[in-house]
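First the structure, in the form of C-alpha cells, and then the observations on it.
Every number here is computed from the coordinates shown, using simple stated rules; none is lab data. Since the structure is predicted, the reported quantities are computational estimates derived from the model, not experimental observations. Quick reminder, even Gly has a Cβ in these numbers, built from the backbone with ideal geometry, and neighbours come from all protein chains shown.
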Amino acid sequence: MTVTFRRTTDDDLPLLHEWLNEPGIVEWWEGDDVSWEGVVRDYGSGRDDGTDHFLVLLDGRPVGWIQTWTPDYGAADTIGIDYFLGEPADRGRGLGAEMIRAFVATELAGWRRITADPERANVASAGALRKAGFVPEGDLMVLER
C-alpha cells in the first residue's frame, strides 16, 4: 500500500464535489457551501486564501483530500491541516491515520508544529490523528517535532 499526494487541479473539482456531498463527509462540513459553485469558489484554482489542497492517492487511486493552512493563532513554524477520506469503503480501516502520517512525513517535513481541529463529535477523525501521533491540546490536536 503506497500513499502519495499531488496538488489538486480544477479537473479534480467534480470528484471533490461528489465527496463533499457524501453523507459521511458533509455532516462535518456543516455551514460550508458544498454546492458546485461553492466547491469551485473554495477549492478551485481561482481562490487566494492561503490554503494548499492535495489529492490523496492510494496506489494511484484517489481516496481523499488534505489541505494545509497557516493558523492565525500559531507561530511561524505552525501549519494546520484538514482532511477526509472520500469513499465510505475506505474509512474505518486505518487509512486515515496512514494518510496523515505519510502527509506529515513527506509534505510537511519542515514544519515543527502541525495542528488539526476536528469537530469534537468526530471521534473517528480524532482517533486517526492520535494514531498518527497527534495529542489533544485544548480544542486542537497537535503534533510537535
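Points to keep in mind about this one:
- Of all residues in the stretch 13-55 being in contact with a strand residue (DSSP E or B) (Cβ under 9 Å, 6 or more places away or on another chain) and among the aliphatic types (A, V, I, L, M), the one that is surrounded by the fewest Cβ atoms within 10 Å (Cβ to Cβ): Leu15
- Among the residues of the stretch 23-69, just one is in contact (Cβ under 8 Å) with a residue 24 or more places away in the chain, more than 17 Å from the chain's Cα centre (by Cα) and not in a loop (DSSP other than H, G, I, E, B), namely Val40.
- Scan of the stretch 70-90 for residues that are farther than 17 Å from Glu119 by Cα and either out of contact with any Pro (no Cβ under 8 Å at 6 or more places or on another chain) or assigned to a loop (DSSP other than H, G, I, E, B) (or both), ordered by number: Thr70, Asp72, Tyr73, Gly74, Ala75, Ala76, Asp77, Gly86, Glu87, Pro88, Ala89, Asp90
- Restricting attention to the stretch 3-12, the residues that are surrounded by fewer than 17 Cβ atoms within 10 Å (Cβ to Cβ), part of a helix (DSSP H, G or I) and either of a type in the set (A, V, I, L, M, F, W, C) or out of contact with any Gly (no Cβ under 6 Å at 6 or more places or on another chain) (or both) total 1.
- Of the residues making up the stretch 117-139, just one is within 14 Å of Ile79 (Cβ to Cβ) and buried (at least 20 other Cβ atoms within 10 Å of the Cβ), namely Phe134.
- Any chance Leu143 is under 14 Å from the mean Cα position of the chain (by Cα) and farther than 28 Å from Pro23 by Cβ: no
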